[in-house]
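Everything below concerns the one structure shown next.
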Amino acid sequence: MSNPKLTLATDRNQLEQVIINAKDALQNAEEKEITLSAYQDDQNTFITIEDTGSGIPEEVQKRIFIPFFTTKPTGSGIGLSLSKQIVNLLGGSIKVTTQKQIGTKFYLVF
Ligand SMILES: Nc1ncnc2c1ncn2[C@@H]1O[C@H](COP(=O)(O)OP(=O)(O)OP(=O)(O)O)[C@@H](O)[C@H]1O
Ligand SMILES: [Mg+2]
């Protein structure tokens, strides 16, 4: 059930990093869409950020949370590694599913 008052004590910057990445991934995509959702069950709060972008190749996916790993010409590779650290500090986890040329979905679970 959607809850308009759902709140979560989190760091807005880590969410922002995931959204910026989603936007980057849309650059050469035909369909450009980013979908955000937040929901809660008895135990957890879920935030999802889904894009219709390039997807992440398998060999890249293994490394996206490593500090300074980037595939972007001017990237620093800090975004996701820092996001993961902060989410973990808050007792949460961050997961990703992705399909080439279809898109990527990040899950933040608290
Ligand atoms: N939504 C996504 N779609 C496709 N690839 C992604 C997505 N999110 C992350 N990636 C991949 O993960 C890599 C690491 O992301 P991360 O945010 O850590 O660094 P970055 O975006 O390259 O640089 P920055 O430090 O500026 O954020 C990216 O370079 C990109 O290859
Ligand atoms: Mg980034």
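Here, each number is a calculation from the coordinates, and none is a lab measurement. Bear in mind that the values here come from a model prediction, so they are computed numbers and not experimental data. Cβ placement follows ideal geometry from the backbone for every residue including glycine, while neighbour counts extend to all protein chains displayed.
Here is how the numbers come out for the structure above:
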item: Rule-of-thumb Rg ratio for the chain [Cα; 2.2 N^0.38 Å; N residues]; result: 1.06
item: Sorted by Cβ neighbour density within 10 Å, fewest at the top, the residues GLU59, GLU16; result: GLU59, GLU16
item: Cα-based reach from LYS62 at 28 Å (exclusive), listing lysines while leaving out same-chain residues under 8 positions away; result: LYS23, LYS32, LYS72, LYS84, LYS95, LYS100, LYS105
item: Environment charge at ILE20 (Cβ cut-off 13 Å; Lys +1, Arg +1, Asp -1, Glu -1); result: 0
